[in-house]
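The structure under discussion appears below in the form of structure tokens.
The values are calculated or read from the model by the stated rules, or taken from the named source; none is laboratory data. Small disclaimer: the values here were computed from a predicted structure and weren't measured. Quick reminder, even Gly has a Cβ in these numbers, built from the backbone with ideal geometry, and neighbours come from all protein chains shown. We work out accessible area using only protein heavy atoms, side chains counted, and drop any ligands, DNA or RNA first. Shrake-Rupley method; radii C 1.70, N 1.55, O 1.52, S 1.80 Å.
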Amino acid sequence: MAHTRISPRRDNRSVRPVIVAGNWKMNTTPSSAGDLARAIADATDGTDVQRVLFPPYVCLAQVRDALRGRGLEVGAQNLHEEAGGAYTGEISGQMLRELATWVIVGHSERRRDQAETDEIVGRKLRRACEAGLTSILCVGELLEARQAGKAEQVVEAQLRGALSGVADRAEGHDFAIAYEPVWAIGTGETATGADAARMAGVIRATLARLGPDRRADEVPVLYGGSVTSASIGEFLAEPALDGALVGGASLKVDEMAGIVAAAGLVAAARRGAEGLS
Ligand code: 13P
């Protein structure tokens, strides 16, 4: 499948991409997903923003077909931590590579509902890497951790747990990190732009210490949690943030149009600031 790499060029004029990713979660059906994908493509046409839609597994083929030649990419919401075998009902990275180019790993809803630990998340990342999929690794603290002043500690531990097993094998592995504070997901409440940017700093400092081959400042960091067309501006105003992982609003064409339009202005400004055409 056509796959745009997210690594910026390794030269002095490199600039991180601006990414808008839509996580549809357990919504849409095989008969509705293609139309929604096409409508989002139409409404966000002609932009520099890297757009990726993450439909449910059973809609991947329809969305891939609907988006062919449209400049958007398709991702899966999860993959199994083993490469194959007797795992009834599970989906491997190798299966996904025929349908998708991206995958979400470690979403908090799976950590909560499927008891995914950092160790499992790390194994999934390794499988994504082996399958040549670009990953979005999700991290984020629960409300109690934030109230206890431990948000940064939690995020650091999540990164360390997930990445320590892959750091030495991450050669050429494209990944982004999504900072999604759990208390902001589906609640209508968001972190402030400044808070999310501070956490992006913690994330890059941790990546630098863990030492995967990619330079920490090249890794895109997205914010996720109740992002809408009204709130996206606050996050994109922060140079440390490179876009958003959008849940509920990614099912609404007008919302996606507004979010991508705002992101497009930032992408153009960043390219202009770097002297890129
Ligand atoms: P909402 O945008 O619905 O809060 O979901 C965020 C999210 O979990 C994206 O992965």
**Study point:** Total formal charge among the other residues, if their Cβ is under 10 angstrom from that of Gly225, Lys/Arg +1 and Asp/Glu -1
**Key:** -2
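Averaging sequence separations of C-alpha pairs under 8 Å and six or more residues apart, then dividing by the length of region 13-130, give the relative contact order as a whole percent.
Dividing the mean separation by the residue count of region 13-130 yields 22 percent.
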Study note, to complete from the structure: If each K or R counts +1 and each D or E counts -1, the residues other than Val202 whose Cβ falls under 10 Å of its Cβ total 0
Check your understanding: So how far, in whole Å, is the C-alpha centre of region 87-145 from the one of region 26-66?
Key -> 20 Å
Review point. Using modelled backbone amide H atoms (1.01 Å from N, in-plane), which distant-in-sequence or interchain residues come within less than 5 Å of His80's amide H?
Key: Ile91, Ser92, Gly93
Revision key, fill the gap. Residue-ordered couplings for region 269-274, obtained by feeding phi - 60° into the Karplus form 6.51 cos²θ - 1.76 cosθ + 1.60 and rounding to whole Hz (Gly and Pro as x), are 5, 5, 5, x, 5, 8
Point to revise | Mean Cα-pair separation over length for the chain, i.e. relative contact order, pairs under 8 Å, 6 or more apart, % | key: 22 percent
**Study point:** Listed residues Ala115, Ala261, Ala76, most fluctuating in the chain (Gaussian network, C-alpha, under 10 Å)
**Key:** Ala115
Review point. Under the rule of -39500 (n - 2.57) per DSSP H run of 4 or more residues, summed and divided by the residues of the chain, what mean residue ellipticity at 222 nm is obtained, to the nearest 500 deg cm²/dmol?
Key: -11000 deg cm²/dmol
Review point. Quick one: if the Förster radius is 30 Å, what FRET efficiency do Glu119 and Asp45 give, using the C-beta to C-beta distance and rounding to 0.05?
Key: 0.10
Exercise for review: Calculate one ³J(HN,Hα) per residue across region 57-73 by plugging θ = phi - 60° into the Karplus curve 6.51 cos²θ - 1.76 cosθ + 1.60, and present them in order as whole Hz with x for glycine and proline.
Suggested key: 3, 6, 10, 4, 5, 5, 5, 4, 5, 5, 9, 4, x, 9, x, 9, 10
Study note, to complete from the structure: Ranked by GNM mean-square fluctuation in the chain (Cα springs under 10 Å), the top entry among Thr187, Thr44, Thr134 is Thr187
Review point. So, with a 1.4 angstrom probe, what is the percent of accessible area on the chain that is carbon and sulfur?
Key: 50 percent
Revision key, fill the gap. Largest fluctuation, Ala148, Ala37, Ala83 only, Gaussian network model of the chain with Cα springs under 10 angstrom, belongs to Ala148
Check your understanding: Using θ = phi - 60° and the Karplus curve 6.51 cos²θ - 1.76 cosθ + 1.60, what whole-Hz ³J(HN,Hα) does each residue of region 179-185 get, with Gly and Pro shown as x?
Key -> 8, 10, x, 4, 5, 9, 7
Point to revise | Gyration tensor verdict on the chain (Cα atoms; rounded if a/c is under 1.5, prolate if a/b is larger than b/c, oblate otherwise) | key: rounded
Study note, to complete from the structure: For Val15, the residues 5 or more places away or on another chain with a placed amide H closer than 5 Å to its own amide H are Arg9
Practice item. Would you please give the residues with an amide H less than 5 Å from that of Ala176, counting only those at least 5 places away or on a separate chain, with H modeled from the backbone geometry? Key: Ser135, Ile136, Leu137
Check your understanding: Can you give the accessible area of Lys150, probe radius 1.4 Å, in Å² rounded to 10?
Key -> 100 Å²
Practice item. Whole number in Å², please: accessible area per residue of the chain, 1.4 Å probe, ligands, DNA and RNA not counted. Key: 43 Å²
